[in-house]
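> I'd like to ask you about the structure that follows.
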Amino acid sequence: MVDSISPLGTATTPAASNPSKPMDREAFLKLLVAQISHQDPTQPMEGTEFVAQLSQFAVVEQAIAQSTRLENVSLQLRGIANNDAAAMVGKSVLLRSGGLTFDGQHSVSSSVNLKEASTATKARIVDATGTTVRTLDLGPRPAGALPVSWDGKTDAGGTAPVGNYRVVVDAHDAAGKPVATSSDMRGVVTRVSFDKGYPELLLDTGATGPISDLVEVQQAPPPR
């Protein structure tokens, strides 16, 4: 007599022997068919048990279909968002920058605006507690957009924790007077980059910023 197979979930199959791997549709079907085919003829599966297992199969199938639909919706929404971001090229925008979000691996960049030219310029990367984690010596800089790029390293040479940071610029002119800065950057979008996993705008002034820093959009003035 063929050994009877234990109820669903205890039979020895590749899907069941690996509890970390969720059972998919094919594995469920194979297990159910095997259980029906090899059941003890003297002790057939009860009708209520069979109906219960079919219900479980329906739940599994619906969950897989729902997951697929959600993935498709997510891809469509991302495509729409990327198309909207690409439409920014040629538009005059206002970015409120000065913030950095470090993911622990990739370099990040931001921009501030110098009201006047500076002869000495330093950018401090400050964490949420107000502590300076890195100081960058940027030297003399002209008035206008000041891009600041940070590789995530601290002054001690280690890697800063994942989190949100801000850029504080200390600039002075030839007379030693402080140069005023602003985190609002206005310019015309010349390129949109997606290589960081989110849309980043590059302005004709050289400033860059994520689309999340976008404050205002308007038609660019006609060339003179």
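The values are calculated or read from the model by the stated rules, or taken from the named source; none is laboratory data. The structure displayed is predicted, hence computed values, not measured ones. Glycine gets a Cβ as well: all are built from the backbone with ideal geometry, and neighbour counts include every protein chain shown.
> Could you run through region 173-198 and say how many residues are more than 24 Å from Ala123 (Cβ to Cβ) and surrounded by 15 or more Cβ atoms within 10 Å (Cβ to Cβ)?
2
> Out of the residues in region 209-224 that are part of a strand (DSSP E or B) and polar (S, T, N, Q), which is surrounded by the most Cβ atoms within 10 Å (Cβ to Cβ)? Lay out the reasoning, then the answer.
Restricting attention to region 209-224, the residues satisfying the condition of being part of a strand (DSSP E or B) are 209-210, 214-219.
Adding the requirement that they be polar (S, T, N, Q) leaves 218-219.
Details: Gln218: 10, Gln219: 8.
This residue is Gln218.
> Could you identify the single residue in Leu94, Leu70 that is assigned to a strand (DSSP E or B) and either touching a Phe, Trp or Tyr at 6+ places or on another chain (Cβ under 8 Å) or modelled with pLDDT under 85 (or both)? I'd like the intermediate steps shown before the answer.
Numbers: Leu70 fails: assigned to a strand (DSSP E or B).
From the options Leu94, Leu70, the qualifying one is Leu94.
> Can you name the condition, by its number, that Glu116 falls short on among (1) surrounded by 14 or more Cβ atoms within 10 Å (Cβ to Cβ); (2) outside any loop (DSSP other than H, G, I, E, B); (3) of a type outside the set (Ser, Thr, Tyr); (4) out of contact with any Leu (no Cβ under 8 Å at 6 or more places or on another chain)?
The single condition Glu116 does not satisfy is (2).
> Out of all the residues in region 169-213, which are out of contact with any helix residue (DSSP H, G or I) (no Cβ under 9 Å at 6 or more places or on another chain) and within 16 Å of Phe102 (Cα to Cα)?
Selection gives Asp195, Lys196, Gly197, Thr208, Gly209, Pro210, Ser212, Asp213.
> Going by the conditions given, is Ile125 among the β-branched types (Val, Ile, Thr), out of contact with any strand residue (DSSP E or B) (no Cβ under 8 Å at 6 or more places or on another chain) and either on the phi < 0 side of the Ramachandran plot or at pLDDT 85 or above (or both)?
Details: among the β-branched types (Val, Ile, Thr): yes; out of contact with any strand residue (DSSP E or B) (no Cβ under 8 Å at 6 or more places or on another chain): no; either on the phi < 0 side of the Ramachandran plot or at pLDDT 85 or above (or both): yes.
So Ile125 does not fit the description; no.
> Turning to a different aspect of this structure: Hey, can you tell me all the residues within region 175-194 that are among the charged types (D, E, K, R) and at pLDDT below 80?
Taking region 175-194 and keeping what is among the charged types (D, E, K, R), we get 177, 184, 186, 191.
Listed by number, the residues that qualify are Asp184, Arg186.
> For region 145-179, what are the residues that are without any contact (Cβ under 8 Å) to a residue 12 or more places away in the chain and touching a strand residue (DSSP E or B) at 6+ places or on another chain (Cβ under 8 Å)? Walk me through how you get there before you give the answer.
Taking region 145-179 as the starting set, the residues that turn out to be without any contact (Cβ under 8 Å) to a residue 12 or more places away in the chain are 156-158, 175-178.
Correct list: Pro178 only.
> If you don't mind, another one. Could you grab me the full set of residues in region 118-138 that are more than 30 Å from the chain's Cα centre (by Cα) and under 19 Å from Ser183 (Cα atoms)? Steps first, please.
From region 118-138, those more than 30 Å from the chain's Cα centre (by Cα) are 118-121; that's our starting set.
Once the filter is applied, which keeps residues that are more than 30 Å from the chain's Cα centre (by Cα) and under 19 Å from Ser183 (Cα atoms), region 118-138 yields Ser118, Ala120, Thr121.
> Answer yes or no: is there a residue in region 124-144 that is of a type outside the set (Lys, Arg), over 16 Å from Thr101 (Cα atoms) and either touching a helix residue (DSSP H, G or I) at 6+ places or on another chain (Cβ under 6 Å) or in contact (Cβ under 8 Å) with a residue 60 or more places away in the chain (or both). Talk me through it step by step, then tell me what you get.
Going residue by residue through region 124-144, those that are of a type outside the set (Lys, Arg) are 125-133, 135-140, 142-144.
If we keep only those that are over 16 Å from Thr101 (Cα atoms) too, we end up with 135-140, 142-144.
Still in the list and also either touching a helix residue (DSSP H, G or I) at 6+ places or on another chain (Cβ under 6 Å) or in contact (Cβ under 8 Å) with a residue 60 or more places away in the chain (or both): 144.
Yes: region 124-144 contains one or more residues that are of a type outside the set (Lys, Arg), over 16 Å from Thr101 (Cα atoms) and either touching a helix residue (DSSP H, G or I) at 6+ places or on another chain (Cβ under 6 Å) or in contact (Cβ under 8 Å) with a residue 60 or more places away in the chain (or both).
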